[in-house]
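Contents: one structure, followed by commentary.
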Amino acid sequence: MPDDMTETDRFAKERERMVEFQIRTRGIRDARVLAAMRKVPRHLFVPKGFEHAAYEDRPLPIGEEQTISQPYIVAVMTENLELRPESRVLEIGAGSGYQAAILAELAGSVISIERIENLADRARKNLARAGITTVRIVVCDGTEGYPPGAPYDAIIVTAASPAVPQPLIDQLAEGGRLVAPIGPRDCQDLVKLVKRDGRVETTSLGGVCFVPLIGEFGWKGDDL
Ligand code: SAM
(Lines give C-alpha, C1' and ligand atoms only; values in the text may rest on other atoms or scores of the structure.)
Protein backbone atom coordinates (compact mmCIF):
# COMPACT_ATOMS: atom_id res chain seq x y z
CA MET A 1 0.00 0.00 0.00
CA PRO A 2 1.23 3.56 -0.65
CA ASP A 3 3.08 5.07 2.34
CA ASP A 4 0.95 8.21 2.35
CA MET A 5 -2.25 6.26 3.03
CA THR A 6 -3.78 7.27 6.38
CA GLU A 7 -4.97 4.70 8.88
CA THR A 8 -8.56 5.78 8.16
CA ASP A 9 -8.05 5.13 4.43
CA ARG A 10 -6.45 1.78 5.17
CA PHE A 11 -9.39 0.63 7.31
CA ALA A 12 -11.85 1.90 4.65
CA LYS A 13 -10.07 -0.27 2.05
CA GLU A 14 -10.19 -3.28 4.38
CA ARG A 15 -13.92 -2.69 4.88
CA GLU A 16 -14.44 -2.52 1.13
CA ARG A 17 -12.69 -5.89 0.75
CA MET A 18 -14.68 -7.36 3.66
CA VAL A 19 -17.95 -6.38 1.98
CA GLU A 20 -16.88 -7.61 -1.44
CA PHE A 21 -15.29 -10.97 -0.54
CA GLN A 22 -17.01 -12.03 2.70
CA ILE A 23 -20.49 -10.59 2.25
CA ARG A 24 -21.54 -9.72 -1.31
CA THR A 25 -20.08 -12.83 -2.91
CA ARG A 26 -21.85 -14.98 -0.30
CA GLY A 27 -25.22 -13.72 -1.48
CA ILE A 28 -26.11 -10.59 0.52
CA ARG A 29 -27.80 -8.34 -2.04
CA ASP A 30 -29.60 -5.58 -0.07
CA ALA A 31 -27.81 -2.42 -1.18
CA ARG A 32 -28.63 -0.58 2.07
CA VAL A 33 -27.12 -3.39 4.16
CA LEU A 34 -23.98 -3.46 2.00
CA ALA A 35 -23.65 0.34 2.28
CA ALA A 36 -24.03 0.25 6.08
CA MET A 37 -21.34 -2.42 6.37
CA ARG A 38 -19.06 -0.39 4.11
CA LYS A 39 -19.63 2.69 6.28
CA VAL A 40 -19.49 1.59 9.96
CA PRO A 41 -15.88 1.53 11.26
CA ARG A 42 -15.79 -1.94 12.82
CA HIS A 43 -12.22 -1.37 14.09
CA LEU A 44 -13.70 1.10 16.64
CA PHE A 45 -15.80 -1.73 18.15
CA VAL A 46 -13.06 -4.30 18.86
CA PRO A 47 -10.82 -4.22 21.95
CA LYS A 48 -7.47 -2.42 21.82
CA GLY A 49 -4.87 -4.60 20.13
CA PHE A 50 -7.43 -6.36 17.88
CA GLU A 51 -7.87 -3.53 15.35
CA HIS A 52 -5.68 -5.36 12.81
CA ALA A 53 -8.19 -8.26 12.85
CA ALA A 54 -11.36 -6.13 12.79
CA TYR A 55 -12.15 -6.91 9.12
CA GLU A 56 -11.30 -10.62 9.19
CA ASP A 57 -13.90 -13.29 8.50
CA ARG A 58 -14.46 -14.35 12.12
CA PRO A 59 -15.88 -13.36 15.50
CA LEU A 60 -13.48 -11.71 17.96
CA PRO A 61 -13.37 -11.65 21.77
CA ILE A 62 -14.66 -8.49 23.47
CA GLY A 63 -14.05 -9.49 27.12
CA GLU A 64 -16.44 -10.98 29.72
CA GLU A 65 -16.28 -14.24 27.66
CA GLN A 66 -18.37 -12.58 24.92
CA THR A 67 -17.75 -11.91 21.23
CA ILE A 68 -18.40 -9.47 18.40
CA SER A 69 -20.02 -11.61 15.68
CA GLN A 70 -18.49 -12.53 12.30
CA PRO A 71 -19.27 -9.73 9.78
CA TYR A 72 -21.08 -12.12 7.39
CA ILE A 73 -23.45 -13.28 10.16
CA VAL A 74 -24.16 -9.62 11.07
CA ALA A 75 -25.06 -9.05 7.40
CA VAL A 76 -27.32 -12.13 7.13
CA MET A 77 -29.21 -11.25 10.30
CA THR A 78 -29.56 -7.60 9.31
CA GLU A 79 -30.76 -8.36 5.77
CA ASN A 80 -33.44 -10.67 7.14
CA LEU A 81 -34.84 -7.95 9.41
CA GLU A 82 -35.97 -6.13 6.21
CA LEU A 83 -35.49 -2.70 7.80
CA ARG A 84 -36.97 0.53 6.53
CA PRO A 85 -35.97 4.07 7.58
CA GLU A 86 -38.97 4.26 9.91
CA SER A 87 -38.53 0.80 11.52
CA ARG A 88 -38.43 0.45 15.31
CA VAL A 89 -35.83 -2.15 16.25
CA LEU A 90 -34.96 -4.05 19.42
CA GLU A 91 -31.62 -5.85 19.75
CA ILE A 92 -30.93 -8.33 22.56
CA GLY A 93 -27.18 -8.57 23.25
CA ALA A 94 -25.51 -5.19 22.63
CA GLY A 95 -22.00 -6.62 23.19
CA SER A 96 -19.57 -4.22 21.48
CA GLY A 97 -22.36 -2.08 19.97
CA TYR A 98 -21.32 -2.92 16.38
CA GLN A 99 -24.54 -4.65 15.32
CA ALA A 100 -26.51 -1.78 16.88
CA ALA A 101 -24.45 0.69 14.82
CA ILE A 102 -25.36 -1.18 11.61
CA LEU A 103 -29.04 -1.17 12.65
CA ALA A 104 -28.86 2.56 13.35
CA GLU A 105 -27.78 3.18 9.73
CA LEU A 106 -30.91 1.44 8.46
CA ALA A 107 -33.74 2.03 10.91
CA GLY A 108 -35.58 4.87 12.65
CA SER A 109 -34.96 3.86 16.26
CA VAL A 110 -32.79 1.23 17.93
CA ILE A 111 -32.92 0.00 21.51
CA SER A 112 -30.21 -2.49 22.40
CA ILE A 113 -30.27 -4.53 25.63
CA GLU A 114 -27.18 -5.87 27.39
CA ARG A 115 -27.05 -7.82 30.66
CA ILE A 116 -23.38 -7.06 31.50
CA GLU A 117 -22.93 -3.49 32.70
CA ASN A 118 -19.24 -3.24 31.66
CA LEU A 119 -20.06 -4.22 28.09
CA ALA A 120 -22.99 -1.79 27.98
CA ASP A 121 -20.64 1.04 29.06
CA ARG A 122 -18.10 0.08 26.44
CA ALA A 123 -20.77 -0.23 23.73
CA ARG A 124 -21.97 3.31 24.53
CA LYS A 125 -18.39 4.59 24.24
CA ASN A 126 -17.76 2.71 20.99
CA LEU A 127 -20.95 4.11 19.45
CA ALA A 128 -20.03 7.65 20.53
CA ARG A 129 -16.54 7.30 19.02
CA ALA A 130 -18.17 6.17 15.76
CA GLY A 131 -20.43 9.25 15.86
CA ILE A 132 -23.64 7.24 16.31
CA THR A 133 -26.04 8.98 18.68
CA THR A 134 -29.38 7.30 17.92
CA VAL A 135 -28.92 3.97 19.76
CA ARG A 136 -30.24 3.54 23.28
CA ILE A 137 -28.39 0.88 25.32
CA VAL A 138 -30.32 -0.50 28.30
CA VAL A 139 -28.97 -2.87 30.96
CA CYS A 140 -31.52 -5.58 31.85
CA ASP A 141 -32.55 -9.15 31.03
CA GLY A 142 -33.33 -8.99 27.31
CA THR A 143 -35.17 -12.33 27.36
CA GLU A 144 -38.04 -10.29 28.81
CA GLY A 145 -37.83 -7.86 25.89
CA TYR A 146 -38.32 -4.17 26.60
CA PRO A 147 -42.04 -3.38 26.94
CA PRO A 148 -41.69 0.45 27.03
CA GLY A 149 -40.63 0.51 23.35
CA ALA A 150 -42.99 -2.22 22.07
CA PRO A 151 -44.29 -3.15 19.59
CA TYR A 152 -41.15 -3.51 17.44
CA ASP A 153 -41.03 -3.88 13.65
CA ALA A 154 -37.87 -5.97 14.01
CA ILE A 155 -36.17 -7.87 16.85
CA ILE A 156 -32.67 -9.33 16.60
CA VAL A 157 -31.27 -11.67 19.24
CA THR A 158 -27.48 -11.95 19.10
CA ALA A 159 -27.09 -14.70 21.72
CA ALA A 160 -28.35 -18.30 21.57
CA SER A 161 -31.48 -19.50 23.31
CA PRO A 162 -33.07 -22.97 23.62
CA ALA A 163 -36.35 -21.45 22.31
CA VAL A 164 -37.55 -18.04 21.18
CA PRO A 165 -38.46 -16.13 24.37
CA GLN A 166 -42.26 -15.65 24.40
CA PRO A 167 -42.04 -11.97 25.54
CA LEU A 168 -40.15 -11.16 22.33
CA ILE A 169 -42.87 -12.74 20.19
CA ASP A 170 -45.47 -10.80 22.19
CA GLN A 171 -43.59 -7.51 21.62
CA LEU A 172 -43.25 -8.02 17.84
CA ALA A 173 -45.59 -5.84 15.74
CA GLU A 174 -48.00 -7.37 13.23
CA GLY A 175 -45.88 -8.02 10.09
CA GLY A 176 -42.72 -7.76 12.23
CA ARG A 177 -39.57 -9.88 11.75
CA LEU A 178 -37.49 -11.57 14.46
CA VAL A 179 -34.10 -13.22 13.81
CA ALA A 180 -32.45 -15.38 16.50
CA PRO A 181 -30.07 -18.35 16.95
CA ILE A 182 -32.16 -21.14 18.51
CA GLY A 183 -31.02 -24.56 19.71
CA PRO A 184 -28.48 -26.36 21.87
CA ARG A 185 -25.68 -24.72 23.83
CA ASP A 186 -22.84 -25.28 21.30
CA CYS A 187 -24.38 -24.62 17.84
CA GLN A 188 -27.81 -23.51 16.71
CA ASP A 189 -30.22 -22.88 13.85
CA LEU A 190 -30.57 -19.23 12.85
CA VAL A 191 -34.33 -18.72 12.54
CA LYS A 192 -36.50 -15.96 11.12
CA LEU A 193 -40.01 -15.46 12.48
CA VAL A 194 -42.61 -13.31 10.77
CA LYS A 195 -45.77 -12.40 12.69
CA ARG A 196 -48.94 -12.57 10.57
CA ASP A 197 -52.48 -12.38 11.96
CA GLY A 198 -51.08 -12.94 15.45
CA ARG A 199 -49.33 -16.19 14.41
CA VAL A 200 -45.65 -16.72 13.58
CA GLU A 201 -44.21 -18.28 10.43
CA THR A 202 -40.71 -19.67 10.98
CA THR A 203 -37.95 -20.27 8.41
CA SER A 204 -34.40 -21.52 8.89
CA LEU A 205 -31.44 -19.42 7.71
CA GLY A 206 -28.78 -22.07 8.46
CA GLY A 207 -26.38 -23.17 11.18
CA VAL A 208 -24.56 -20.77 13.54
CA CYS A 209 -22.67 -20.85 16.86
CA PHE A 210 -23.43 -18.08 19.36
CA VAL A 211 -22.68 -17.47 23.05
CA PRO A 212 -25.66 -18.20 25.35
CA LEU A 213 -28.61 -15.92 26.03
CA ILE A 214 -28.80 -16.00 29.81
CA GLY A 215 -32.00 -15.01 31.55
CA GLU A 216 -35.52 -15.82 32.63
CA PHE A 217 -36.67 -16.97 29.14
CA GLY A 218 -33.26 -18.18 27.86
CA TRP A 219 -30.61 -20.34 29.50
CA LYS A 220 -30.57 -20.15 33.28
CA GLY A 221 -27.07 -19.50 34.70
CA ASP A 222 -27.02 -22.99 36.25
CA ASP A 223 -27.98 -24.75 32.95
CA LEU A 224 -24.58 -23.84 31.49
N1 SAM B 1 -24.33 -7.85 18.99
C2 SAM B 1 -23.04 -7.86 19.62
C3 SAM B 1 -22.04 -7.03 18.87
O4 SAM B 1 -22.37 -6.46 17.82
O5 SAM B 1 -20.90 -6.93 19.37
C6 SAM B 1 -22.51 -9.25 19.87
C7 SAM B 1 -23.29 -9.91 20.93
S8 SAM B 1 -22.48 -11.21 21.80
C9 SAM B 1 -22.40 -12.47 20.57
C10 SAM B 1 -23.87 -11.69 22.84
C11 SAM B 1 -24.22 -10.67 23.90
O12 SAM B 1 -25.46 -11.04 24.49
C13 SAM B 1 -23.19 -10.60 25.04
O14 SAM B 1 -22.72 -9.31 25.19
C15 SAM B 1 -24.00 -11.06 26.26
O16 SAM B 1 -23.60 -10.45 27.47
C17 SAM B 1 -25.40 -10.66 25.85
N18 SAM B 1 -26.49 -11.34 26.58
C19 SAM B 1 -26.59 -12.63 26.94
N20 SAM B 1 -27.76 -12.84 27.57
C21 SAM B 1 -28.42 -11.65 27.60
C22 SAM B 1 -29.67 -11.22 28.12
N23 SAM B 1 -30.52 -12.04 28.73
N24 SAM B 1 -30.02 -9.92 27.96
C25 SAM B 1 -29.19 -9.04 27.34
N26 SAM B 1 -27.98 -9.40 26.83
C27 SAM B 1 -27.60 -10.69 26.96
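Solvent-accessible area assigned to carbon and sulfur over the range 7-223 amounts to 50 percent, based on a 1.4 Å probe. Among Asn118, Asn80, Asn126, the residue with the largest mean-square fluctuation in a Gaussian network model of the chain, with springs joining Cα atoms closer than 10 Å, is Asn118. Taking θ as phi - 60° and the Karplus parameters 6.51, -1.76 and 1.60, the scalar couplings of the range 198-208 work out to x, 10, 10, 9, 10, 10, 9, 9, x, x, 8 Hz in sequence order, x denoting glycine and proline. Residues considered: Ile111, Ile132, Ile92. Largest GNM mean-square fluctuation over the chain, using C-alpha springs under 10 Å, is found at Ile132. Indicate, rounded to the nearest 5 percent, the antiparallel portion of the DSSP beta bridges found entirely in the chain. Here the antiparallel bridges make up roughly 45 percent for the chain. Each Lys or Arg adds one and each Asp or Glu subtracts one; over the other residues with Cβ under 13 Å from the Cβ of Val211, this totals -2. Short to long, the 5 Å bins of the Cα pair-distance histogram for the range 7-223 hold 1, 8, 16, 21, 22, 17, 10, 4, 1, 0, 0 percent of all pairs. Calculated accessible area for the range 7-223 comes out at 45 Å² per residue, all protein chains present (probe 1.4 Å; ligands, DNA, RNA ignored). Normalising the average separation of contacting C-alpha pairs (under 8 angstrom, six or more residues apart) by the number of residues puts the relative contact order of the chain at 14 percent. 3J(HN,Hα) couplings calculated from phi for the range 86-93 with the Karplus curve 6.51 cos²θ - 1.76 cosθ + 1.60 (θ = phi - 60°) are, in sequence order, 9, 5, 9, 10, 10, 10, 10, x Hz; Gly and Pro show x. Given their separation in residues at 0.36 nm each and the Cα-Cα distance between them, Arg185 and Arg136 gain 14.8 nm when the chain is fully extended.
The values are calculated or read from the model by the stated rules, or taken from the named source; none is laboratory data. Everything numeric here is computed off the predicted structure, so don't read it as measured data. Every residue, glycine as well, gets a Cβ built from its backbone with ideal geometry; the counts of neighbours run over all protein chains shown. Remember, those area values only see protein heavy atoms, side chains included, never the ligands or the DNA or RNA. Shrake-Rupley method; radii C 1.70, N 1.55, O 1.52, S 1.80 Å.
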